[in-house]
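Since the structure comes first, as structure tokens, the remarks are kept for the end.
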Amino acid sequence: MKNTSTFHIGQAVPLERDNIDTDQIIPKQFLKSIKKSGFGQNLFDAWRYEDEGFPGQDVSLRKINKDFILNQKKFLDSDILISKKNFGCGSSREHAVWSLLDYGFKVVIAESFADIFYNNCFNNGLLPIVLDSKEIDQLLDLADQRQQIEIDLENQIIFSVDSEIAHFDIDPFRKKCILEGLDEIGLSLTHSEQIKEFEKNRILDSPWIFIDEKENG
Amino acid sequence: MSYTLYDKLWNQHEVTQRADNTYLLYIDRHLIHEVTSPQAFEGLKLAGRKPWRISANIATPDHNVPTTDRSKGLEGIYDEVAKLQVVTLDDNCKEHDILQFDIHDRRQGIVHVVGPEQGLTLPGMTIVCGDSHTSTHGALATLSMGIGTSEVEHVLATQCLKTSKLKNMRVTISGELQHGVTPKDVTLAVIGQIGTAGGTGYAIEYSGSVIENMTIEGRMTVCNMAIEAGARAGLVAYDKTTEDYIKNRPFAPSGNKWLEAIDQWKDLASDEGSYFDKEIIIDGSSIAPQVTWGTSPEMVIDIDGLIPEPTSDSIKHALDYMNLESGKRIKDIRLDQIFIGSCTNSRIEDLREAAKILEGKKISSTIKRAIVVPGSGLVSKQAIEEGLDEIFIQSGFEWRAPGCSMCLAMNPDQLGDGEHCASTSNRNFEGRQGYGGRTHLVSPATAAASAIEGSFVDVREFIS
């Protein structure tokens, strides 16, 4: 069923809770890294493992929590995450998105997302999709049956193997960014002249913003 | 045409609309700490870009710094990975000539305490930081928002945030607060009412007589937790209280510029008749001291409340994690640790509020550890000058050096597995204050009174 407009085909794992916060997605002890990679093994660390996690551990030696859904054999190869309300609330840490991507997730589907997390997703190519609870329930059934889910980003439709499940909304430019991987900064810098002009006026209008301590005596 | 405060701040900073219908919003001030900036500087370097305007940026390390012995400086950070992060901030600031209050500087502290304290946060500004609690600065009539690391890199490179316009919400807290009820209780009560996603997509302007009569530090506590209501930005109108707070701060304007500035700032309030997409009105006199029982800030009840019934999976999960029984009194929870600090409640007024209750008293022998962590080196200095440190120490608290500390426990200050903590911080998420730790968010007054009692007490009765 894969056609040219398919963004992703995969299997989903449900994490059926509201308010999954960024501290759960990647606990704070792993934020000390100065890199963007390597966070996947500690995604949902406190839920995935029986013991307390530390940076630099050999995770293969840790005892896993067999009850946690990501560890259940059935869901091991999932690359679509389904959750409920207010996913990604809490801190602004982009590490939360980096760890979902590093684990292998390509898409997160939820009833709603926290603002900062939602922006962070697009800035890293992780696709967040908002659906209503009824549509999510349908996807949960598919996930449970280990049926494949197809995401057609171009046409903004989610399919099961044999039918259309839901249509989703996405900002057209953000869609373009995910599909084409545009350089956001480069794009903003095409407005350099306008920024300079604005800044010049701002200095005239509110000079104290640009005063440093020394000048101020 | 009448505008809200948010609309005015937006209009004064909108540079242009990009082809994708998002806007470039000019950023006056960018605050930087060690955790969310290294990857942004790295990205800048890889793309061969430079910071747009150096003097817009101010940095200080806060999340990873130890709060015990500060005399060793960087060598006092025993976790090598954490140390590298602080060193990386030093290196990036040196390379780009960015002003940093480093680990040795007496002005070092939590970035959201340091900004206003130094007068680096000025009314009318747009302020961003790679930290969700940037909403704090809205207390000074600024538009301040937390951003992710990609956005940190974008702001460094372009001096603009690429963003969409938020909707306007006004939360009016009318009447007068009861004696013993604090700004922390106000902000928790708001979250309890609208929920942790209630403000998603909005900027929340706090208003009403309770806010008008509140100090700037109190307003910062309220705006700090706007993000816990889902709102990226919290705001309070400029008034005489704002003016008095800013005057004579190191980076505030002086002389003629000061006069010019206060003349401009006085317009930083929502116009009469301006439109809000959502209005919430709360009777301030009905707010009791608040305590969170669960693992989300919206799981909050009055001090004389009962632990709720497990009416949803989320509540059931939270009750299990917190090891609480429905129907029991919140006052019956035995406490193991007390934490007074964080960008929510570590300013001088917070420390005074707690010290007033602790003076001449001892904390309960059942409390394993009670720590107080001032928000900055200057808050600490002021507290010492007022003798507050002695009051804390005499009562059984440990007096610490400034930083984020046990709010998110990236440094060695942590809860043990299963321990209950009365904490003046902002998030009661699972494991945030330590693996298996159980956090209850409260005001400094409630934390102090509960430390004496060994369990939660109604501070209104305690002080009468």
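The residues of the range B:20-49 that are closer than 29 Å to A:Pro207 by Cα, in a loop (DSSP other than H, G, I, E, B) and of a type in the set (A, V, I, L, M, F, W, C) amount to a single one, B:Ile27. The residues on offer are B:Ile338, B:Ile303, and the sole one that is out of contact with any Asp or Glu (no Cβ under 6 Å at 6 or more places or on another chain) and closer than 18 Å to B:Ile452 by Cβ is B:Ile338. The one condition from (1) closer than 22 Å to A:Asn123 by Cβ; (2) at pLDDT below 95 that B:Tyr78 does not meet is (1). Scanning the range A:99-143 for residues that are in contact (Cβ under 8 Å) with a residue 40 or more places away in the chain, assigned to a helix (DSSP H, G or I), touching a Leu at 6+ places or on another chain (Cβ under 9 Å) and within 14 Å of another protein chain (Cβ to nearest Cβ) returns A:Ser99, A:Leu100, A:Leu101, A:Asp102. Scanning the range A:151-175 for residues that are surrounded by 15 or more Cβ atoms within 10 Å (Cβ to Cβ), within 13 Å of another protein chain (Cβ to nearest Cβ) and either free of Cβ contacts under 8 Å to residues at least 12 places away in the same chain or in contact with a strand residue (DSSP E or B) (Cβ under 6 Å, 6 or more places away or on another chain) (or both) gives a single hit, A:Phe173.
A count restricted to the range A:42-71 and to residues that are assigned to a helix (DSSP H, G or I) and either within 24 Å of B:Met406 (Cβ to Cβ) or without any contact (Cβ under 8 Å) to a residue 24 or more places away in the chain (or both) stands at 9. Among the strands (runs of 3 or more DSSP E) confined to the range B:368-464, the ones with at least 3 residues that are away from chain A (no Cβ under 14 Å) are located at B:369-372, B:420-423. Just one of the listed residues (B:Thr311, B:Thr242, B:Thr295) is within 10 Å of chain A (Cβ to nearest Cβ) and among the β-branched types (Val, Ile, Thr), namely B:Thr295. Of the set (1) more than 13 Å from chain B (Cβ to nearest Cβ); (2) farther than 20 Å from A:Gln148 by Cβ, all apply to A:Gly90 but (1). If only residues of the range B:84-113 that are more than 13 Å from every other protein chain (Cβ to nearest Cβ) and within 18 Å of the chain's Cα centre (by Cα) are counted, the one that is nearest to A:Gly90 (Cα to Cα) is B:Ile110. Here the condition is being more than 8 Å from every other protein chain (Cβ to nearest Cβ), under 14 Å from B:Ile227 (Cα atoms) and either of a type in the set (Asp, Glu) or crowded, with 24+ Cβ neighbours inside 10 Å (or both); of B:Thr136, B:Thr121, it holds for B:Thr136 alone. Pairs linking a residue in the range B:381-399 that is at positive phi to a residue that is outside any strand (DSSP E or B), with Cβ atoms under 6 Å and 6 or more positions apart or on different chains, are B:Gly396/B:Lys362; B:Gly396/B:Ile363.
Of all residues in the range B:50-85, those being farther than 20 Å from B:Ser380 by Cβ and not in a helix (DSSP H, G or I) number 7.
The values are calculated or read from the model by the stated rules, or taken from the named source; none is laboratory data. Because the structure is a prediction, the values reported are computed rather than measured. Counting neighbours? That spans all protein chains shown, and the Cβs are built from the backbone with ideal geometry, glycine included.
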